[in-house]
Number of protein chains: 2
Amino acid sequence: MNVIELTPPYLIFLGDVTTMTYAKTGAGLAQWRPELCAGQLSLVTGGVDLGLPAMTVAEAKAQGVRSLVVGTASVGGGIQPSWESTLVEAAEAGLDIVAGLHVRLASNARLATAAKASGVRLVDVRIPPADLPVGTGKKRSGMRLLTMGTDCAVGKKYTALALEAAMRDAGMAASFRASGQTGVMIAGEGLPIDAVVADFISGAAELLSPDNAPDHWDIIEGQGALTHPGYAAVTTGLLLGSQPDAFVVCHEAGRSQVSGWEDYPLPSIDEIIQRTVAVGSITNPGIHCVGVSVNTSTLAPDERRPYLEQLERELGLPCVDPLIDGMAAIVERLRLETNSASAREAGAAL
Amino acid sequence: MNVIELTPPYLIFLGDVTTMTYAKTGAGLAQWRPELCAGQLSLVTGGVDLGLPAMTVAEAKAQGVRSLVVGTASVGGGIQPSWESTLVEAAEAGLDIVAGLHVRLASNARLATAAKASGVRLVDVRIPPADLPVGTGKKRSGMRLLTMGTDCAVGKKYTALALEAAMRDAGMAASFRASGQTGVMIAGEGLPIDAVVADFISGAAELLSPDNAPDHWDIIEGQGALTHPGYAAVTTGLLLGSQPDAFVVCHEAGRSQVSGWEDYPLPSIDEIIQRTVAVGSITNPGIHCVGVSVNTSTLAPDERRPYLEQLERELGLPCVDPLIDGMAAIVERLRLETNSASAREAGAAL
């Protein structure tokens, strides 16, 4: 009973894709976890280049690579015929094969046979482990932050990763915790929470951020939105199981409707703050908002600063575009909170 | 892409159980759908008696029975060795086999072979159909009521079934809609919503109560509680997908903690009303509470009436114990609402 775990270092497999749009997972790994990416393997000339050393399976094996990670989307969602011999070669060479395809890796007979023969794992990051627990609601040690959103695809994963990086730069103990398949590949562990059976959503969320040191922050990747007509159940279970002390609301400036659900107007940031506190306080009465992270790329360049300043005045919270401002303002607030918590902890120990 | 459906009439299979506690599903069927239950089959003398005609598989077949329904729980959750030959005989005779066991019926090789040979279905009511949709949030015609709860096991299924019966007695069009395995067996169709993958909870809930006549009420069986640390995600998705116009809160008098989650105090009925309106209004702004259904069996007989009267004064809503008072007070309120809605409909058509 545990989360999905990958074994680094990785060889990032890029198949035959030639545009970055189809290699987002590989690009995310190279951006956020370069120290775990030993090399890249493209099957074509003019293929996507993540800036990693190009290597064959044999070279990767010789350099100690432990897993081949499929870093591309595929037409139809399965293993492309052109990929098969390379994946089989990697499995035979003793590398785990990791992918987030719509079909199980083991459904490819040659790959299944090769993996069995060499004792490597075929890791499907879309498929949660069996035997997940029901949520207990019990408090865990350490501190937690969850990214919430006004909608899907508003930067919840990016914000969590940027927060982790900025907090580590500031000397704080922070771990990104992945709740979606791309996040799981980047973090090297986690659970695709949207694929968990309903009864176990908050239990799975509890597994994502286990007990930790008192001043350690888990920065948990959010999913969906509490007001989303399709996905709010996922968001609710993730919120209750995460038991966050703090949350950041993510938003895309100018979006006015739920993307793909055009009958539904987008909730305001303030509505998301209020609903997050109302639901989150069930399992953590101390929950509060520490900032807002906005993608302002849809605004004209001279509108961005006034937009964020207006938002700060309305909400009384640091409001940043992570690509422009970085995360310093939100991290500073968290740092102060961690110091206060440590002081309380020390006081309690006297 | 649809709900699970059973084919009546039924032969209720009671295995070798001798106490009603282990035959709740069979008892529920005999109580709420006697017209669909042709007979019962017990393997032992002194077995549970549901008051139905005792019959063998051959007799059931001769009388036109279409499905054998396993109406008992089983030790270990699977097909008991002592059951096997009867279930195989029924499958060979052309009866569907229906059960809510923890293992798939088809995992029994003899039964799988018999079912395949005679072309009958093995229906596992714990297992949702594949290819469920994501919730659309689109409004459907007809009216809907969902039973909510302060906790699990506070009478949400019973209240929904009692409401359906009372509404039909009052000449209203009403259909019980099942969201749990026992409910699915009683209704003859439905979905075990707690077994659905997270992304599809509200989509599954939408399938449960499709478009209907304007004055028709779907009475939907609720699950969990919006404040439950383990199951609130299920409750949230069911609420959003059901889009209820009305809801009834179910409660057990005297319960002070979430059953099995002793760190969590039970929410008040009023808190559940407020939270249900807050979440339910996302997909149906007209949602409102029409009554409270309380199991008062934990109170002394002379405390029950004062308890319900006090609750009515506090909440301004009909508050009943369905076993003592029946559902007349709540049905009367719904009847008035249906008449108003029909009047509005007629007015709009002029």
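The values are calculated or read from the model by the stated rules, or taken from the named source; none is laboratory data. If you're wondering where the values come from, they're calculated on a predicted model, not measured in any experiment. All Cβ positions, even for glycine, are placed from backbone atoms using ideal geometry, and neighbour counts span all protein chains on display. SASA here: full protein model, heavy atoms, side chains in, ligands and nucleic acids out. Shrake-Rupley method; radii C 1.70, N 1.55, O 1.52, S 1.80 Å.
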Peptide B:199-209 - average C-beta neighbours from other chains (10 Å radius): 4
Euclidean distance of C-alpha centroids, region A:285-315 and region B:96-155, integer Å: 45
Residue-averaged 222 nm ellipticity for chain B, from DSSP H runs of 4+ at -39500 (n - 2.57), nearest 500: -11000 deg cm²/dmol
Label-zone membership for region B:90-115, site B:Arg121, 7 angstrom Cα→C-beta point, backbone N under 16 Å: B:91, B:94-101, B:105-106, B:115
Candidates B:Gly230, B:Gly241, B:Gly94, ranked by Gaussian network fluctuation over chain B, Cα under 10 Å, top entry: B:Gly230
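If you roll a 1.4 Å probe over chain A with all protein chains in place, what percent of the accessible area is carbon or sulfur? Working shown, then result.
Working: 7370 of 13940 Å².
That fraction is 53 percent.
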Along each principal axis, Cα extent of chain B, largest first, Å: 57, 52, 40
Solvent-free Debye scattering, log10 I(q)/I(0), computed from the Cα coordinates of region B:155-202 at q = 0.23 Å⁻¹: -0.82
Links that overshoot a 18 Å alpha carbon limit, given the list B:Lys24/B:Lys116; A:Lys24/A:Lys156; A:Lys24/A:Lys61: B:Lys24/B:Lys116; A:Lys24/A:Lys61
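Over the protein assembly as shown, average the accessible area per residue using a 1.4 Å probe and give it in Å², no decimals. Spell out each step's value before the answer.
Values: 27930 Å² over 700 residues.
Here the residues of the protein assembly as shown average 40 Å² of exposed surface.
At 4 °C and a viscosity of 1.567 mPa s, what translational diffusion coefficient does Stokes-Einstein give for region A:251-347, taking Rh as the Kirkwood radius over Cα pairs? Give it in µm²/s as a whole number.
Working: Rh = 15.3 Å.
This corresponds to a translational diffusion coefficient of 85 µm²/s.
Hey, what D do you get for region B:1-47 in µm²/s if you plug the Kirkwood alpha-carbon radius into Stokes-Einstein at 10 °C and 1.306 mPa s? Provide the component values of the computation, followed by the final result.
Numbers: Rh = 11.7 Å.
Here the translational diffusion coefficient equals 136 µm²/s.
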Globularity ratio of region B:90-176, using Cα Rg and 2.2 N^0.38 Å: 1.55
If the convex hull is drawn through the Cα atoms of region A:143-349, its volume per residue in Å³: 119
Distant-in-sequence amide H partners of A:Cys37 (H built 1.01 Å from N, under 5 Å): A:Tyr10
Relative compactness, region A:4-124, computed as alpha-carbon Rg over 2.2 N^0.38 Å: 0.94
Those residues of region B:58-72 whose amide nitrogen sits under 19 Å from the label point placed on B:Thr18, 7 Å along Cα→Cβ: B:72
Positive-end residue, chain B charge dipole about Cα centroid, Cβ charges, pick of B:Gly39, B:Gln274, B:Ala328: B:Gly39
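How many percent of DSSP beta bridges within region A:143-349 run antiparallel, rounded to 5? Write down the numbers at each step before the final one.
Working: 2 of 25 bridges.
About 10 percent, rounded to the nearest 5.
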Nitroxide proxy distance, nm - points 7 Å out along Cα→Cβ at B:Gln257 and A:Ala109: 5.7
Share, in percent, of DSSP beta bridges within the protein assembly as shown that are antiparallel, nearest 5: 10
Total accessible area lost when B and A pair, probe 1.4 Å, Å² to nearest 100: 2600
List of region A:215-261 residues, accessible area with partners at least 30 Å² below that of the chain alone (1.4 Å probe): A:Pro229, A:Gly230, A:Tyr231, A:Ala233, A:Thr236, A:Leu240, A:Trp261
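Rg/Rh for the protein assembly as shown: what does it come to with C-alpha atoms and Rh from Kirkwood?
Numbers: Rg = 27.9 Å, Rh = 27.7 Å.
Rg divided by Rh gives 1.01.
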